[in-house]
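Values in this text are rule-based calculations from the coordinates and carry no lab data. Since the model is a prediction, treat every value here as computed from it, not as a measurement. With ideal geometry, Cβ positions are generated from the backbone for all residues, glycine too; neighbour counts draw on all protein chains shown.
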Amino acid sequence: MASAKKKGRFSKQRVGDSIYHTVAWRRLRRYYYTMVHGICERCGKPGDIVHHKIPIDESNVNDPSITLSVSNLELLCHSCHNKEHKLSVDSVREDVVFDESGNLIQKES
């Protein structure tokens with residue numbers, strides 16, 4: 001099986017994952033988070049994820065103007081980040097969530 005086992009679950013290595021383990025990325029992420037005052041740039045709630053506006057793929061993974069450029073970054077909260085990626089995923093529902101055991105449960109209002 002091509003997947004790697006990590007903490008009891010299978011994880012899929014994505015193109016560009018190695019970038020997120022570099023000192024350059026950690027410094028840039030910290031700088032960008034501070035620059036936007038830790039606020040989600042879409043909804044104004046506390047931000048969590050420094051998101052690449054142009055997704056990292058095989059054609060640009062080695063291009064620092066994509067991977068390590070402030071102009072390609074956006075700070076998002078988890079909710080806005082999930083909505084961003086919902087565009088590329090079918091059948092995403094907002095009324096259910098996963099619990100600590102990975103079971104799908106009804107989201108509390």
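What to note about this one:
- If the segment from Glu100 to Arg27 were pulled out straight at 0.36 nm per residue, it would be longer than the present Cα-Cα gap by 23.2 nm.
- Computed from the C-beta positions of Ser18 and His78 and an R0 of 30 Å, the FRET efficiency is 0.85 to the nearest 0.05.
- FRET efficiency, Ile54 to Lys107 (Cβ-Cβ, R0 25 Å, nearest 0.05): 0.20
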